[in-house]
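First the structure, in the form of structure tokens, and then the observations on it.
Quick note: the coordinates plus some simple rules give every number you see, no bench work behind them. Since the model is a prediction, treat every value here as computed from it, not as a measurement. When we count neighbours, we look across all protein chains shown, and the Cβ atoms used for this are built from the backbone with ideal geometry, even at glycine.
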Amino acid sequence: MTALKTTKAIVIGAGIGGLVSAALLAARGVDVRVFERAPASGGKLRVHEVGGLEIDAGPTVLTMRWVFDELFAEAGACLDDALTLVPSRVLARHAWSEGTAVARLDLPADFEAAVDAIGRFAGAADARGYRAFCARAGAIHDALEKPFLRAGRTDIPGLLWRGGLKGLPGLLRISPFASLWPELGRHFSDPRLRQLFGRYATYCGSSPWLAPATLMLVAHVERMGLWRVDGGMQRIAQAVEALATRSGARFRFGTQVDEIVECDGRACGVRLVDGEVVPADVVVFNGDVNALATGLLGAPARRGLGADARRRQAAGGRSLSALTWSVAARSSGLPLLRHNVLFSQDYAAEFQALSAGRLPDDPTVYVCAQDRGDDEPPVDAQAPQRLLCLVNAPAAVPGRHLTQQEIATCEHQAFRRMARCGLQLDPVAPMQRTTPDDFATLFPGTGGALYGPPSHGWRASFQRMGARHAMPGLYLAGGSTHPGPGVPMAALSGRLAAYAVCEDLVSTSSPRPMAMRGGMSTR
């Protein structure tokens with residue numbers, strides 16, 4: 001990318017995708033301004049204060065650290081100077097209640113140690129199945145990383161073209177037409193292991209019965225490295241914000257954009273809710289694409305999305321949401337590691353309820369114990385621990401919202417599930433709960449869905465919007481766009497948006513100034 005010192009760019013939203021776009025554009029000399037409606041950067045990387053303790057209340061897992069290594073290197077910095085990342089030796093502790101007993105499986109990051117652990121847990125056949133499963137996950141990852149994850153074009157012809165003739169056999173082996181759940185049955189006879197690895201579908205807000213088998217690649221990504229962030233996950237956002245600021249990007253927090261302004265058929269700035277119009281040569285929107293499709297950023301951005309894209313947005317539906325509890329509590333019984341999954345007894349019934357728009361009667365509960373590591377005890381066993389407890393929940397749909405009674409019942413069942421798996425919590429302060437409606441308020445246009453459209457069916461991954469909006473001058477970043485949700489994937493979307501901006505600007509003459517006159521579009 002060449003320096004573009006005369007270009008003015010506006011980034012709407014300081015989630016991780018917008019932060020990455022701002023950092024890369026600013027590093028190349030672009031005059032970048034970032035507008036964020038929240039009081040701080042991070043988007044879904046947020047914290048709750050409970051009992052005087054700060055608790056990560058969004059994503060809790062960092063994988064694919066190479067995304068951030070490359071980002072900082074491109075901006076002339078070093079990730080290790082900005083963040084302290086600690087590799088996890090254990091990916092997660094998993095527990096199932098079996099009558100009065102509790103079965104437990106810790107999955108090590110080391111491959112051979114994981115094979116041994118699965119063999120002891122489920123037998124030699126499933127240990128061999130795990131070897132085959134990991135080999136297949138690695139092949140899927142290798143087939144998709146360069147031609148798909150790193151690429152800006154998301155359609156199938158583009159994927160085949162980038163893979164080339166040599167890559168075609170690998171692309172044909174990624175199981176795009178198979179669903180995850182039945183494919184797991186080919187590797188594991190123990191239903192508990194199918195639960196464990198089927199949970200990867202929920203990483204993008206989807207059902208393992210409907211998601212494609214390509215999501216097996218998550219197993220490979222985790223084994224490549226799962227990292228704990230010293231100081232909490234929001235430190236990632238703070239570090240990228242500082243990186244962008246050092247290159248000259250300017251941030252305005254507590255500032256809401258009301259409309260993306262159009263001049264002569266292209267994006268040329270934004271109008272804030274107070275009426276101020278801020279001109280720009282390009283605009284990067286870091287938010288849910290559905291916010292554009294429903295007109296929340298004005299008629300030009302909605303119209304520019306195109307009828308076909310709007311239909312695809314509507315037809316894709318919404319991914320899962322979540323019901324979460326930020327808890328400061330003393331724990332007893334089941335020893336906690338950093339990541340813990342306490343499984344329901346009927347996984348199929350759980351996802352049938354979610355698909356029907358209901359909270360499950362017996363939910364699987366994820367518990368992130370943010371003061372724990374791999375296997376070491378806490379410094380003070382009597383001190384309250386910072387915990388984020390989470391169950392999957394349906395996103396809101398028009399005319400259907402979860403009632404307080406439904407939420408209270410699910411909360412009771414979630415803590416009952418924890419108790420059945422041996423975990424007892426003694427809160428020392430009132431818990432802070434976040435519902436799908438709360439997420440809908442925090443992230444406009446989502447209905448509370450946390451992952452954009454769900455990854456259901458083989459076409460889903462190829463139907464996400466790419467970095468370029470149909471309206472010239474408008475670019476897209478965030479978890480609802482290609483390549484998908486999650487901290488590293490959203491970061492990749494921000495990088496792809498920055499690349500698209502620079503490619504388009506250097507391939508044409510310098511953008512001519514556009515007068516912000518009275519004839520510009522308004523709502």
Ordering 24-37, 478-491 by per-residue average of other C-beta atoms within 10 angstrom, highest first, gives 478-491, 24-37
At 0.692 mPa s and 37 °C, Stokes diffusion of region 382-511 via Kirkwood alpha-carbon radius, µm² per second:
181
Roughly speaking, what is the stretch gain from residue 371 to residue 89, that is 0.36 nm per residue apart minus the C-alpha to C-alpha distance, in nm to one decimal?
100.0 nm
What are the extents of the Cα atoms of region 312-464 along their three principal axes, listed from largest to smallest and rounded to whole Å?
52, 34, 31
Given the -39500 (n - 2.57) contribution per DSSP H run of 4+ residues, what per-residue ellipticity at 222 nm results for the chain, rounded to the nearest 500 deg cm²/dmol?
-10500 deg cm²/dmol
Work out, step by step, the length gained on full extension between residue 352 and residue 416: first 0.36 nm times the residue separation, then minus their alpha carbon distance; give nm to one decimal.
21.0 nm
Ellipsoid equivalent to the chain - semi-axes via the Cα gyration tensor, in Å:
38, 26, 22
Before anything else, pin down the relative contact order of region 228-311: Cα pairs under 8 Å, at least 6 apart, normalised by residue count, whole percent.
19
Express the relative contact order of the chain as a whole percentage, based on alpha carbon pairs under 8 Å and six or more residues apart in sequence.
23
Spin-label pair residue 128/residue 69, simplified geometry with 7 Å Cα→Cβ offset, distance in nm:
3.6
In debye to the nearest 20, how big a dipole does the chain give about its Cα centre with +1 on each Lys and Arg Cβ and -1 on each Asp and Glu Cβ?
1340
I'd like the isolated cysteines in the chain, meaning no second cysteine's beta-carbon lies under 4.7 angstrom from theirs.
78, 134, 204, 368, 389, 410, 421, 502
Starting from 0.36 nm per residue, how many nanometres of slack lie between residue 380 and residue 408 once their C-alpha separation is accounted for?
6.9 nm
Which FRET efficiency, nearest 0.05, do residue 330 and residue 116 yield, Cβ-Cβ r, R0 56 Å?
0.95
